[in-house]
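Nothing in this text is a laboratory measurement; each read-out follows from the coordinates by a stated rule. Everything numeric here is computed off the predicted structure, so don't read it as measured data. Here the Cβ positions follow ideal geometry from the backbone for every residue, glycine too, while neighbour counts run over all protein chains shown.
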Amino acid sequence: MRPKRIIEIIKDGQTNTIVTVKGWVRTRRDSKQVSFVALNDGSAVGNLQIVVDNDKVDEALMKRITTGACLSVSGLLVASQGKGQSVEVQAQNIEILGDADATYPLQKKGHTWEFLREVAHLRPRATTFGAVFRIRNQMAYAVHKFFHDKGFVYFHTPLITSSDCEGAGQMFQVTTLDLNNLPRTDEGKIDYSQDFFGSPTSLTVSGQLEGELAATALGAIYTFGPTFRAENSNTPRHLAEFWMIEPEMAFYDIVDNMDLAEEFIKFCVQWALDNCLEDLEFLNKMIDKELIERLKFVTSHDFVRLPYTEGIKILEDAVAKGHKFEFPVFWGADLASEHERYLVEEHFKKPVILTDYPKEIKAFYMKQNEDGKTVRAMDVLFPRIGEIIGGSERESDYNKLLARIEELNIPMKDMWWYLDTRKYGTCPHSGFGLGFERLILFVTGMANIRDVIPFPRTPGHAEF
Ligand code: ATP
Ligand code: MN
């Protein structure tokens with residue numbers, strides 16, 4: 001018979017019936033007569049308490065009920081006298097499905113995050129990570145639900161690419177050439193014509209350019225997939241492999257784009273509040289006492305919308321008044337996380353959408369403003385995170401786009417197919433990219449992006 005999961009047993013609450021539960025031992029507490037075993041099967045943050053009468057269970061078996069062991073327990077479901085749970089199981093039959101000896105790494109509570117990353121193969125069994133990964137799952141569903149309900153088409157863009165036109169960072173090269181014996185051309189260069197794809201290829205840093213092709217065909221699309229950046233930045237907000245959601249919409253201008261981004265984030269955060277409350281309450285208690293309050297705040301307040309130039313003025317005022325930033329503030333500077341967070345956390349105390357950045361610090365495809373200096377970029381800045389979304393209205397004018405590509409010396413051989421969108425029935429369009437893990441960071445209150453993806457890839461780390 002298919003066993004019920006613990007969450008169902010607790011929800012059904014059918015006391016005085018015999019139930020069978022399977023799960024892993026979280027803790028065991030012994031008194032003279034009985035032992036209390038907290039069993040968890042990953043279905044919910046809460047454990048099911050199993051009460052074992054020491055006289056009824058053989059001593060050898062009793063010894064094998066240790067933290068980490070996997071059990072199948074049958075017994076009577078009864079209302080619990082103890083606090084902390086509504087029901088418990090009076091064990092009648094216990095089967096050890098899998099022993100766990102004393103080397104089980106998650107013995108006691110209070111391990112450091114660093115230690116838990118070293119046992120990433122087991123950390124989903126730690127209560128916090130169970131909560132984080134259940135929330136992550138709900139957020140992925142929320143993303144699809146939001147766009148599906150709006151009629152957006154989920155569009156799959158390639159992970160292997162031969163263009164580096166986005167220039168969004170260092171790329172991971174993909175090759176089947178023998179690195180110890182590279183084929184050379186007559187000029188002594190690597191002969192990529194002999195490589196798998198016949199040209200140099202890499203893992204994608206963004207699906208946007210292909211997303212634009214799709215938007216100018218299907219109208220409104222989104223991508224949701226893995227993205228790779230070989231930037232050697234060891235920050236709590238960067239991964240070498242992360243998941244990105246990139247909607248791209250024909251006929252949206254930058255204001256429509258901002259409206260969509262704000263609605264999208266609010267929808268996802270509200271989804272978490274509506275569907276993950278138990279896990280959020282656990283995280284609120286254990287990780288961050290202001291978490292739920294912060295989530296509710298975001299869903300119920302308008303984001304500030306502000307041009308970059310005014311953002312810089314606010315930051316310069318702060319410097320004049322004695323605020324110290326590590327990186328310099330001046331018009332034209334790319335904002336560092338400390339600047340973004342100052343605007344969000346100290347100045348406005350709200351999420352901020354910063355627009356109209358200098359063209360020099362933004363990508364070539366962004367729509368150029370009349371001033372000749374700025375582009376219609378929009379970054380959504382969040383408390384604790386800094387940039388959570390980066391987006392823009394795209395340049396739809398063929399000649400302006402071509403001029404920018406030439407100005408930046410972007411190789412034309414990479415760009416012809418992208419330029420075709422502007423050649424054949426070009427249209428105003430916009431889009432953005434949301435880093436999925438940054439959203440999970442915000443929603444869970446976790447501090448490090450390595451702790452919101454099951455198996456983080458960062459410089460020097462690709463184990464598991
Ligand atoms: P940042 O300035 O924070 O490095 P970016 O400007 O390089 O980000 P974009 O190219 O605009 O990032 O990518 C869109 C979104 O993807 C970002 O707003 C962010 O949420 C997310 N993102 C970018 N780089 C990473 C990364 N290395 N790890 C996780 N998420 C990332
Ligand atoms: Mn960005």
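Across the range 7-142, Cα pairs under 8 Å and at least six residues apart give a relative contact order of 23 percent.
Per-residue 3J(HN,Hα) values for the range 439-445, derived from phi via the Karplus relation 6.51 cos²θ - 1.76 cosθ + 1.60 with θ = phi - 60°, read 5, 5, 4, 5, 6, 8, x Hz in sequence order (x marks Gly and Pro).
Which pairs, out of LYS145/LYS367; LYS373/LYS400; LYS285/LYS349; LYS296/LYS349, put more than 19 Å between their alpha-carbon atoms?
LYS145/LYS367; LYS285/LYS349
Here the Debye sum runs over all C-alpha atoms of the range 236-276 as equal scatterers in vacuum, and log10 of I(q)/I(0) at q = 0.18, 0.27, 0.30 Å⁻¹ comes out as -0.74, -0.93, -0.96. Look at the dipole of the range 98-244 built from charges on Cβ: of THR185, GLY225, LEU203, the Cα furthest out on the positive end belongs to GLY225. Listing CYS268, CYS70 from fewest to most neighbouring C-beta atoms within 10 Å gives CYS70, CYS268. Spin-label model, THR309 to LYS321: label points 7 Å out along the Cα-to-beta-carbon direction sit 2.3 nm apart. For the range 5-49, the relative contact order is 38 percent, taking Cα pairs closer than 8 Å that sit 6 or more residues apart in sequence and dividing their mean separation by the residue count.
With both labels modelled 7 Å from their Cα along Cα-to-Cβ, the TRP331 to GLU407 distance reads 1.7 nm.
Per residue, the average separation of C-alpha pairs within less than 8 Å and at least 6 apart gives the chain a relative contact order of 14 percent. Compared with the alpha-carbon gap, the fully stretched path from LYS400 to VAL119 is longer by 96.0 nm at 0.36 nm per residue. Taking label points 7 Å from Cα along the Cα-to-Cβ direction, ASP414 and CYS427 give a separation of 2.8 nm.
Provide HIS301, HIS461 in ascending order of the number of other Cβ atoms located within 10 Å of each residue's Cβ, fewest first.
Placing the least packed residue first, the sequence is HIS301, HIS461.
A straight line joining the Cα centroids of the range 56-73 and the range 241-293 runs 42 Å. Between GLU360 and ALA140, the FRET efficiency estimated from the beta carbon spacing at R0 = 25 angstrom works out to 0.10. Taking other Cβ atoms within 10 Å as a rough exposure proxy, LYS83, LYS359 sort from fewest to most as LYS83, LYS359.
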